[in-house]
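Notes to accompany the following structure.
The values are calculated or read from the model by the stated rules, or taken from the named source; none is laboratory data. If you're wondering where the values come from, they're calculated on a predicted model, not measured in any experiment. Counting neighbours? That spans all protein chains shown, and the Cβs are built from the backbone with ideal geometry, glycine included.
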Amino acid sequence: MTEQNNGKPVLLTMKGLRIEGRSDETWSEIVHGIDLTLHKGEVLGLIGESGAGKSTVGLAAMGFTRDGCRISGGEIVFDGIDLMKASEATKRNLRGKRIAYVAQSAAASFNPAHKLMDQYCEAPVQHGVMGRAEAESDAVDLYRRMQLPDPDNIGFRYPHQVSGGQLQRAMTAMAMACRPDLIIFDEPTTALDVTTQIEVLAAIRNIVEQFDTAAIYITHDLAVVAQMADRIKVLLKGDEVEEADTRSMLSAPKEDYTKSLWAVRSHARAEQPPVAADKTPVVSVQNITAGYGSVDVLMNVNFDIHERRTVAVVGESGSGKSTTARVITGLLPPRQGQILFDGETLPPDYRKRTRDQLRQAQMIYQMADTALNPKLRIRELIGRPAQMYLGLQGKALTDRIRNLLDLIELEPDDYIDRLPAELSGGQKQRIGIARALAAEPKFIICDEVTSALDQLVAEGILKLLDKLQSEFDLAYMFITHDLATVKAIADEVVVMKEGRVIEQGPKSEMFRPPHDPYTELLLSSVPEMDPDWLTDLLREREGG
Amino acid sequence: MSHIWSMIAKRLALGLLTLFIVSLLIFGATELLPGDFAEEFLGQAATPETVAAIRRELGLDLPMHTRYIEWLTGVLQGDFGNSLSNRRPVIELISTRLGNTLFLALYAAAIAVPLSLMLGILAALFRNSFFDRFSNASALTSISFPEFFVAYILIFWLAGRGGMFPSMASFRGDPSMAEMLYRTFLPALTLTLVVTAHMMRMTRAAIINLLASPYIEMARLKGMKPMRVIVKHALPNALAPIINVIALNLAYLITGVVVVEVVFVFPGLGQLMVDSVAARDMPVVQAVALIFAAAYVLLNLTADVLATLSNPRLVHRR
């Protein structure tokens, strides 16, 4: 898939594409004249941070804009059809039939009210490509090619009965239903675990090759795009930065912005001296078994977290990472075992803990969007814990809030009276950090705090957390599924699988073989920049 | 499915408890009213002796809790007692009235429910268009006028001048179905105008609420026609709130139509209830109140069951 397109006919061209978005009553341009050419059977990677206009450009290839957006200029020609001039009916006839779309979250993009098969058959039947019975048997064939389990029957399930990775493959199969000429993949693996991501990537690449389908592959993950695309186009704030074929783009990026994207993954935390053996850990998780209802989600979990140290808890979704955090904070009293804080046993239920015990352990959440009350101003968001735990009032409180804003590198005068809606994603996460700091804790749980952020922004957050740790002697428990993040921040690593700790130890040991087989699987599943990585890995896994 | 059956059983048991509490409240409330049946019945002719005689005869001189327990014992054995006014069994008195009320409610619902669903879907499809604004404005207008005003306007236009429909919806003997439909058209139309706005606006809002969902965008990107996107993709997910509003309005059609019954001289339960309260005819008041409460309980239960069935996540567990 990484060959050049020699003499293949052009399928899609965009010239000087301009798109405007409306905010309040004014229109402002969000895509400033993008040119794009795609040949038959070719895969183009579109990469950039959020707000770069990747999805908007991808949807425009279908002649589609989201509500509140409009195409204000330029040309879009798909296989000789001018999409700017085409009627709504003409475009509708292309969508689903000749150009298909695979969305980021299959769980949200499948209609919860209908079975997978009904949703699969809709496009071929409604577009008159084939009858229902034929579509059904075709679906089973594609489900099999996508390596879905039980391909004969999986189509007769509802979306909520199928796992995320399987849904994503079912959605790719659905996009293939009419054998389109072009598929727009909009971050199809971003929401998946690394191990699941590999399976989906391999299945997508395989089927796109089999049917010689052209694709626009949108992602913010460079290593992923390196595996999937023939050519890569880098976007920044609605402008093109540069475009080149995948290999030359990876080996010799020309623009500074591209180089900075490439450099992100190089940050790593300096190795810390080992902790003295007789030192009391800040938090000690001892023999914890816990669960919901009659099901045990955690089984005999043990680990310690020391002052000024970061313990990364890694594992796939469902491995019990977040449940461990709930047990430590007292939201979920365990069935067995105990939590020690500075050597003293904490009451299992947070309602029985003293205010000071509560103050000592704070949390930062994955979705800063939902973790901040949208109706409160920054002053109240950060001020409340300072008021509640430390009893600060009046000027002392304002001074403390300003001091906290300084710490998270946001200008106090500028930000203190803003609402969360007036902040960017990274700034919101900084407020989340300030809110945790306001209680002056000894220990902070960071639950996937960077996974919703762009790489450059995430990098800034990690550096900030690092700085705050040495300034306030904090202990961190860092929940993540991203091993690149682990490399960047952790001192020690705890690998979890199905509610058990599989392996734990200092970071340097964890990243050095030999590994536990599951750790090995996790490590080897992290995409690398090498465009041959996926091919080699699949060959190796089949061989082994 | 078993969890649905257990939910129905639980709710029916709770429903019985509700009915018991309602009967207590109604009994207590009528006791608080000034005067009793004997005084109301005798009116000007009331002397202390005659009043006392009637009370003794009907057992009204017994203490409150004795009378309630006596009434409850009867009900538990299926005996709702006799009307104080005309000594006829309450069951007999109510059954024809109940039939009439249900007939009118169903009649109005048969027009109003499909109409409001259709208008709601179309308004969602052509949102912010002239059609949307017009149907919203007219629905709101009709709900804003008091019922008796709507009723008299309809009588004025459709009965008074043109004389197309009768203004009195009462009938004697055993009229044919067509005759009944014809005679009760105006009250049914009045009720339709009153309940349509609520259901239509809920349908529209519930659908529009979902239009920003990723699966709606997906349906559009699969090239589906706008009508199909609304009916096939949005509507099934919007059913729960719509069903609840429909149930609420159906309950209103059964219990809240006194004014319309009075205007059209329609022999329904509402009028009977008002008359019986005025006469302090306790057994009848209690029976009608229980019917009204049962209507609410059953309709809400039906709505909850249907809303549950409309959600595959609740029917087909993992």
Notebook entry, point to check: Which of (1) outside the structural domain of B:Ile246 (by TED's automatic domain parsing); (2) buried (at least 16 other Cβ atoms within 10 Å of the Cβ) is the odd one out, the single condition B:Asn86 does not satisfy?
Noted result: (2)
Notebook entry, point to check: If you scan the stretch A:81-121, which residues turn out to be surrounded by fewer than 21 Cβ atoms within 10 Å (Cβ to Cβ) and aliphatic (A, V, I, L, M)?
Noted result: A:Ile81, A:Met84, A:Ala86, A:Ala89, A:Ala107, A:Ala108
Check: Does any residue of the stretch A:273-280 turn out to be over 24 Å from A:Asp482 (Cα atoms) and among the β-branched types (Val, Ile, Thr)?
Finding: yes
Next item on the list: Please list, ordered by first then second residue, the pairs with beta carbon atoms under 6 Å, 6 or more apart or interchain, first in the stretch B:129-157 and more than 19 Å from B:Ala205 (Cα to Cα), second outside any helix (DSSP H, G or I).
Entry: B:Ile155/B:Ser167
Margin query: Cβ-Cβ distance below 8 Å, separation of 6 or more or different chains: which pairs start in the stretch B:209-232 with a residue that is more than 7 Å from chain A (Cβ to nearest Cβ) and end on one that is among the hydroxyl-bearing types (Ser, Thr, Tyr)?
Written below: B:Glu217/A:Ser109
Next item on the list: Check off (1) of a type outside the set (S, T, N, Q); (2) in contact with a helix residue (DSSP H, G or I) (Cβ under 9 Å, 6 or more places away or on another chain); (3) under 24 Å from A:Asp221 (Cβ atoms); (4) more than 14 Å from chain B (Cβ to nearest Cβ) for A:Gly21 and give me the number that stays unchecked.
Entry: (3)
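Say whether the condition of being touching a Lys or Arg at 6+ places or on another chain (Cβ under 7 Å), within 14 Å of chain A (Cβ to nearest Cβ) and surrounded by fewer than 21 Cβ atoms within 10 Å (Cβ to Cβ) is met by at least one residue in the stretch B:233-241.
no
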Next item on the list: Check A:Arg400 against each of (1) part of a helix (DSSP H, G or I); (2) of a type outside the set (Gly, Ala, Ser); (3) in contact with a strand residue (DSSP E or B) (Cβ under 8 Å, 6 or more places away or on another chain) and name the one condition it does not meet.
Entry: (3)
Next item on the list: For the stretch A:30-64, enumerate the residues that are modelled with pLDDT of 90 or more and either of a type in the set (Asp, Glu) or more than 20 Å from A:Glu243 (Cβ to Cβ) (or both).
Entry: A:Asp35, A:Glu42, A:Met62, A:Gly63, A:Phe64
Notebook entry, point to check: Considering the stretch A:175-231 alone, what residues qualify as being under 15 Å from A:Ser105 (Cβ atoms), assigned to a loop (DSSP other than H, G, I, E, B) and of a type in the set (D, E, K, R)?
Noted result: A:Glu187, A:Asp193
Next item on the list: Among the residues of the stretch B:260-270, write down those that are assigned to a helix (DSSP H, G or I) and either without any contact (Cβ under 8 Å) to a residue 24 or more places away in the chain or surrounded by fewer than 19 Cβ atoms within 10 Å (Cβ to Cβ) (or both).
Entry: B:Val262
Notebook entry, point to check: If we keep just the residues of the stretch A:21-53 that are in contact with a strand residue (DSSP E or B) (Cβ under 8 Å, 6 or more places away or on another chain) and of a type in the set (Asp, Glu), which is nearest to A:Thr65 (Cα to Cα)?
Noted result: A:Glu29
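Are any residues in the stretch B:136-157 among the hydrophobic types (A, V, I, L, M, F, W, C) and assigned to a loop (DSSP other than H, G, I, E, B), and if so, which ones?
B:Phe145
Out of the residues in the stretch A:207-242 meeting the condition of being among the charged types (D, E, K, R) and farther than 30 Å from A:Glu20 by Cβ, tell me which one is farthest from the chain's Cα centre (by Cα). Reasoning before the result, please.
So in the stretch A:207-242, the residues among the charged types (D, E, K, R) come out as A:209, A:212, A:221, A:230-231, A:233, A:237, A:239-240, A:242.
Cutting the leftovers down to farther than 30 Å from A:Glu20 by Cβ gives us A:209, A:212, A:230.
Details: A:Glu209: 26, A:Asp212: 29, A:Asp230: 23 Å.
Here the answer is A:Asp212.
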Next item on the list: Restricting attention to the stretch A:232-258, report how many residues are touching a Pro at 6+ places or on another chain (Cβ under 9 Å) and farther than 14 Å from A:Glu49 by Cα.
Entry: 5
Margin query: Are there helices (runs of 4 or more DSSP H) fully within the stretch A:440-524 with at least 3 residues that are in contact (Cβ under 8 Å) with a residue 24 or more places away in the chain and under 30 Å from A:Gly51 (Cα atoms)? List them.
Written below: A:455-472, A:483-489
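Counting only residues that are facing another protein chain (nearest Cβ under 10 Å) and either under 16 Å from A:Ala203 (Cα atoms) or without any contact (Cβ under 8 Å) to a residue 12 or more places away in the chain (or both), how many does the stretch A:169-185 have?
Start the filter on the stretch A:169-185 by keeping residues that are facing another protein chain (nearest Cβ under 10 Å), which leaves A:171, A:174-175, A:177-178, A:184.
Cutting the leftovers down to either under 16 Å from A:Ala203 (Cα atoms) or without any contact (Cβ under 8 Å) to a residue 12 or more places away in the chain (or both) gives us A:171, A:174-175, A:177, A:184.
Adding up the residues that qualify gives 5.
Among the residues of the stretch A:130-157 satisfying the criterion of being in contact (Cβ under 8 Å) with a residue 24 or more places away in the chain and in contact with a Lys or Arg (Cβ under 6 Å, 6 or more places away or on another chain), which is surrounded by the fewest Cβ atoms within 10 Å (Cβ to Cβ)? So that I can check it myself, show each step before the final result.
The initial filter retains those residues of the stretch A:130-157 that are in contact (Cβ under 8 Å) with a residue 24 or more places away in the chain, namely A:135, A:138-139, A:142-143, A:145-148, A:154-157.
Remaining after also requiring in contact with a Lys or Arg (Cβ under 6 Å, 6 or more places away or on another chain): A:146, A:148, A:156.
Values: A:Met146: 24, A:Leu148: 21, A:Phe156: 13.
Out of the qualifying residues, it is A:Phe156.
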Margin query: Looking at A:Val313 and the list (1) over 30 Å from the mean Cα position of the chain (by Cα); (2) surrounded by 17 or more Cβ atoms within 10 Å (Cβ to Cβ), which single condition is not satisfied?
Written below: (1)
Next item on the list: Only helices (runs of 4 or more DSSP H) wholly contained in the stretch A:75-168 count here; list those with 3 or more residues that are more than 14 Å from chain B (Cβ to nearest Cβ).
Entry: A:132-145
Check: Going by the structure shown, is A:Ser55 within 14 Å of chain B (Cβ to nearest Cβ) and closer than 30 Å to A:Glu255 by Cβ?
Finding: yes
Checklist line | Identity of the residue in the stretch A:380-428, touching a residue at least 24 places away in the same chain (Cβ under 8 Å) and of a type in the set (Asp, Glu), that ends up farthest from A:Thr450 (Cα to Cα) | finding: A:Asp417
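Have a look at A:Val313, A:Val301 and point out the one that is assigned to a strand (DSSP E or B), in the same structural domain as A:Pro517 (by TED's automatic domain parsing), touching a residue at least 60 places away in the same chain (Cβ under 8 Å) and of a type in the set (Val, Ile, Thr).
Values: A:Val301 fails: in the same structural domain as A:Pro517 (by TED's automatic domain parsing).
From the options A:Val313, A:Val301, the qualifying one is A:Val313.
Let's see how each residue does on (1) at pLDDT 90 or above; (2) surrounded by fewer than 21 Cβ atoms within 10 Å (Cβ to Cβ):
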residue	(1), (2)
A:Ile288	yes, no
A:Gly291	no, yes
A:Met299	yes, yes
A:Ile305	yes, no
A:Lys321	no, no
A:Ile328	yes, no
Notebook entry, point to check: Counting only residues that are more than 9 Å from chain B (Cβ to nearest Cβ) and of a type in the set (Lys, Arg), how many does the stretch A:59-74 have?
Noted result: 1
